[in-house]
Every structure is written in structure tokens, then in C-alpha cells.
Amino acid sequence: MSSNVQTLRFRRPDSENKEQKPKPAPRHTGILQDQLRRAQRRPWTPSFSVAVRIMLLIRALGAMYSNIDDCDEVYNFWEPLHFLDRGYGFQTWEVAPQYAIRSWAYILLHLFPTKLVSFMLGPNKRPAFFAVRYLLAIASTITECAFYRTVVSKINERVGRYLFFMMLFNAGMWNASTAFLPSSFAMYTTAFAFSYALEPASLSNNRRTLAATLSFALGAIIGWPFALAISLPFVVEELLVFGSDRVAPQVKSSWLTQRWTRFLKAVATASLIFVPVITIDSLAYGRLTIVPWNIVKYNIFGGSERGPDLYGTSPWYYYISNLLLNFNYLFPLALVSLPALAVTYVFDRKRLGFTTSTLDQSSPISLLALRLAPFYLWLAILTAQAHKEERFMFPAYPLLCFNAAVTLYLMRGWMEVAFIIVTKSPYQASWHRFAGHYLVPTGIRVEFIKSDFRGQLPRHFKETADAKELDGSWWPRPETRYIPADVNDLNEEDETRYVPAETCDYVIDLDHPLHPAESPLEPRYAAEFETWERAICKPFLDARHSSLLTRALWLPGEAWQAQNEFGDYCLLRNKALVKSKQKKVKQLVREGVIEL
């Protein structure tokens, strides 16, 4: 064979090595459960990689264009960093060795991008400034997106989507995300810690305990020690709450021992963060220095002649005004998250999952309340202090958005419940195609409207509220003993089964546009466009006008299928009635007077 001839050999694909498509992630696994459209396509939520790209775009713009709003950021962090980088700059008393309440370890974390940019672009200082800001933008983006994805998987997909866009578009996160401040660093670590802490506590989930503890400790030791208070609900859950564990009374003692032991080991591991921090700060200040302790000592144990109050005090409503300015309507939504949870527990309990609180298991409402509590705790602590500054709230900014997202989702659920209660869906001549109440959302009232059919239709069971006189102490449904007077065994029509069509919010109707037919009792509701609109229609085989062979057998090809004709099987909406009820429901919910 000539050397310039090539041969190709084809090989049959190996079925064993055939690439398998990944299975879709399971739905409805979070604390909050959708009640309507559960089987439909999941709501769109950007993946982690997509979320990072979107978020990074906004955070990079913030790095370029957001202001430096706090002189403390300039003099206590940018100037010391400039001194490390260039050898000169302003020094405040906070970084003097005798006080040492600013950590050089934290400042040193930001030195690398300045040196890298100087090496690559020369001595110009402006690129170094923006390099640090871009580093902060990247850190904020990654931690925010990790937090968001955990909300999607552990709380609810819609709550996660709300949270993502709330963090993306508000002035508070815009300012805090790229600020060179320990409180911003604590915001990063808090968001990352909650990307693990949102999972229910469990003896089998050691990763949650260690990762969340390390993150909280990192923010407190390197950043701002007071931010550790945000972790208190996490600590309570870790030590005392069953979470996803089921604990029988006889093993509760050993369960507590295991939980406490695990947490103390995580704390001991996290305390190792002190080693490099104390080493760096001691080298910088020329003496043994524990900056987190110095901060606590000055602010709490400094005495009446010193302390943060020297730098100004503010009224109790300072944070209310400031958060309204930065977050607008998100702040009121965050404030009412716990009351909204209580309302949902009373009126829409199924939205809180399918388990209830027992002696050996935690309820979804208690788990969600623990996750909403940190924002309230942080706001209460800061409000109680006389000295108030905007940056003090930074660590809780992602949690504010989370609380607001939960409230928005719960309110959406109230609207669903309210709308279902005031609407009903009657069937017309398609009564025999009714698939059963299991496939009808809770609260929808199904009725019949009069048609040309002259037989007996089913009646509603006598319901509990009307059957109190029945004795059924041992039988769960004593209504089954009720003897109705409006039934017969002769298939005789009973007029009490019907409701007027004009009282119906929705009607199920089968219409044949190609072969229209109507009667006084069966008008073409689908053609009465002034009254009814088509909420949804599906093709329905018209057996009378289709070939027996083509409707009995399916073969590929348009020519074969063209022998069949189809009508429209429609859910029709009463335009005026539904619109008025929607308006009424929204008004009542807005006024807070509706009884769900």
C-alpha cells in the first residue's frame, strides 16, 4: 500500500461508555414549598456560574464608580495600605502601637494586588487602587452567589431568585460590596457562612458545622469581632435544635453530647486563625497584640471618658432612616418577615413543608425562624448603641435581602390563597371529563352549570361545618352517615346541582370552531369574547368528524394526521368577574383586612 494512502476505521459506539445525561436536581426539597403549579417547569434561577457573571458585572461597576463614603475607610485602611505599598501616608491613633485597634493582618490581605499591578503597569498608583477594589468586588460576588445558590436549594427556588435580584439592584449592597472596611469583610464571611448555615443542622453534616464556624470566625478575627453576634442563632441551632435529625427521648443525652463535642472541635479549629493574625499584628506593632480584644476592650470596657460615643451619637431611629434610604421597600419587607411567617403558619401552613413539630423532630417554621432571626438580632444590638454608623450594618445586608425575599414569597402565597378562596371553576357539558379534586388546587370550588344533559349529576358531600349534629366519635368522617334527600336511583335530574354561568369565575368548555353547534342551554362560551377569554386551550380530537382509522391508529406523516380534526378544550376566564375579584383581593391584602 502506498505510504500516502490513509485509512479510516469506524467503530461502533460502546453502549456501556455512552455518556449519560445528568439527572435534573430534585425540586421542592427546601423549607418553603410551592403549592400551585408544582409539576410545571421550575422557575428560572441562574446557575452559580451565570450568577457570578451577572453579579460581577454590577460589582465591577461599583468598584469603578461607587464613592468612598466613610473617612474611616480612607484614614484607617487606604492610608495604611498606601504606607505598606509606597512608604508614606497618614496615620491615625487607631494604628498606633499603644492602642492597636486596627489589624495590619487585614490590611496586608490587600497588598498583593497593588504590588502585582505596580509590577505589570509601572509606578502609576491609580491602577493599584482599582485593583484592590476589583479584588473586593470578586470576593463579594463569590460569597453572595454562594449564599444565593444555597437559598435556591435549601429554602425555595423563588426565594432564591428574589434574593439574587434584591442583592443585585440596591444602593446598600452597591456601597458595601467594594468598601475597604472590616465590616465589608465581615459581610463577605457572613454571606459565605450562611451558604452553609441555611442547611438544617444534622449529626451527619459535619461540613456545615466546620465551614460555617470557620467563616464566622474569619469575619470576627480578621474583620470585626462584633459581627460574631450574627452567628448566635446558628450556635443555638447547632447545639440545641434537632434540625434534620430525628432524636428519640432515650438517646437525647448522647445526641447533645455529640453535637456539643462537634461544635467545640469546630471552634478549636477556627481559633487557629488567631495564630497568623496575632503573629502579623505583633510583628507590625512590635509587641504582643491581639487586635480583636483591643477593639472589644476600647468599645465596651473603655470607661466613661473614652469609647465610641466620643465620635457622635444618633437617635434610635437612625438605622431605620438609613436602611430605608439604602434599601427602600426591602427594609419594611425584611422587618415583617417573622410576622409574615406567623401569618403563613396560620393560614397557609402547607407552604412551610409537610412535617410538623414533634418531640423528636424540628418543624419547618422553627428552622425558618432561626434563619430570619440574625437580621433582627443585629438590628436590635446596633439600635441599642448610642454611636451609630452606616457601615456597622454592612455584615447584615445580605440577611436583610434574604428576610425581604422570604416575606415577598410568603405574601405571594397569601395572594394565591386569597384568589383561590374567592374563585370557583364550574364544569359545563364536560362534567364527565372532570379528573377529580386531587388535581384541583386547594380552595377551588368546582360546580356544574346547566346543559342539555338530563341525568343526575353528583352532589357535594355534606361538609364538616354542616354536619356537627352527626355522631361519629370513632369514625373520622361522620358526614358519610348523612342521608341526603336530593339523590335518587332513577337517574332523574336534580336542579339543585347547577349554578348560574354568570357567577362562575372560570368555565371548562369544549368548542368546535370548524363545526360550531350551540343550543339555548349550551351556548358557545368560547365564542362570547366580550364575557369570556381563553385562559388556556388544548387541541381535542373531534371524533365525529375524524376518520375511524386515523383516529384509532397513529402513523407518522402530516398526510395521515390531516385526516383528523380537532376542537378546542378550553379553560375560559370570566373577564369582568375575575378582574373585579383580583382588584378586590389586592386592595384587601394591601389594607391588611382580608381574612385568608
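The values are calculated or read from the model by the stated rules, or taken from the named source; none is laboratory data. Just so you know, these numbers come straight off a predicted model, no measurement behind them. Every residue, glycine among them, receives a Cβ derived from its backbone with ideal geometry; neighbour counts consider all protein chains shown.
Below are the figures for this structure:
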| item | result |
| --- | --- |
| Criterion violated by Gly567 - all others in (1) part of a helix (DSSP H, G or I); (2) buried (at least 16 other Cβ atoms within 10 Å of the Cβ); (3) out of contact with any Lys or Arg (no Cβ under 7 Å at 6 or more places or on another chain) satisfied | (1) |
| Test: residue in segment 561-578 that is hydrophobic (A, V, I, L, M, F, W, C), within 30 Å of Leu333 (Cβ to Cβ) and either in contact (Cβ under 8 Å) with a residue 12 or more places away in the chain or touching an Asp or Glu at 6+ places or on another chain (Cβ under 9 Å) (or both) | yes |
| Any hit, segment 429-442, residues being at pLDDT 75 or above, surrounded by fewer than 15 Cβ atoms within 10 Å (Cβ to Cβ), part of a helix (DSSP H, G or I) and not small (Gly, Ala, Ser) | no |
| Segment 130-142 residues that are in the same structural domain as Asn175 (by TED's automatic domain parsing) and β-branched (Val, Ile, Thr), paired with ones that are part of a helix (DSSP H, G or I) and at pLDDT below 95 (beta carbon under 7 Å, 6 or more apart) | Val132/Pro113; Val132/Thr114 |
| Complete set of residues in segment 376-398 that are more than 15 Å from Leu324 (Cα to Cα), of a type in the set (A, V, I, L, M) and in a helix (DSSP H, G or I) | Leu377, Ala380, Ile381, Leu382 |
| Every pair of residues 6+ apart whose Cβ atoms lie under 7 Å, when the first sits in segment 155-173 and is within 16 Å of Arg351 (Cα to Cα) while the second is small (Gly, Ala, Ser) and at pLDDT 95 or above | Val159/Ala405 |
| Residues of segment 331-388 classified as out of contact with any Phe, Trp or Tyr (no Cβ under 7 Å at 6 or more places or on another chain), among the small types (Gly, Ala, Ser) and in contact (Cβ under 8 Å) with a residue 40 or more places away in the chain, total | 6 |
| Number of positions in segment 268-298 that are among the hydrophobic types (A, V, I, L, M, F, W, C) and either at positive phi or not in a helix (DSSP H, G or I) (or both) | 2 |
| Some residue of segment 461-474 being surrounded by 11 or more Cβ atoms within 10 Å (Cβ to Cβ), outside any strand (DSSP E or B) and at pLDDT 65 or above | yes |
| Within segment 516-525, tally of residues that are surrounded by 11 or more Cβ atoms within 10 Å (Cβ to Cβ), touching a residue at least 24 places away in the same chain (Cβ under 8 Å) and not charged (D, E, K, R) | 2 |
| Counted residues, segment 196-234 - those being of a type in the set (A, V, I, L, M, F, W, C) and either farther than 15 Å from Ser271 by Cβ or under 21 Å from the mean Cα position of the chain (by Cα) (or both) | 13 |
| Matching helices (runs of 4 or more DSSP H) fully within segment 299-375 where at least 3 residues are assigned by TED's automatic domain parsing to the domain that holds Leu408 and among the hydroxyl-bearing types (Ser, Thr, Tyr) | 318-327, 337-347 |
| Within segment 581-596, tally of residues that are surrounded by 12 or more Cβ atoms within 10 Å (Cβ to Cβ) and either of a type outside the set (D, E, K, R) or not in a helix (DSSP H, G or I) (or both) | 6 |
| Test set (1) surrounded by 13 or more Cβ atoms within 10 Å (Cβ to Cβ); (2) without any contact (Cβ under 8 Å) to a residue 12 or more places away in the chain - Leu555 fails condition number | (1) |
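Conditions (1) farther than 14 Å from His387 by Cβ; (2) of a type in the set (Asp, Glu); (3) without any contact (Cβ under 8 Å) to a residue 40 or more places away in the chain, marked per residue:
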site	(1), (2), (3)
Ala284	yes, no, no
Gly303	yes, no, yes
Tyr311	no, no, no
Ser314	no, no, no
Tyr319	no, no, no
Leu323	yes, no, no
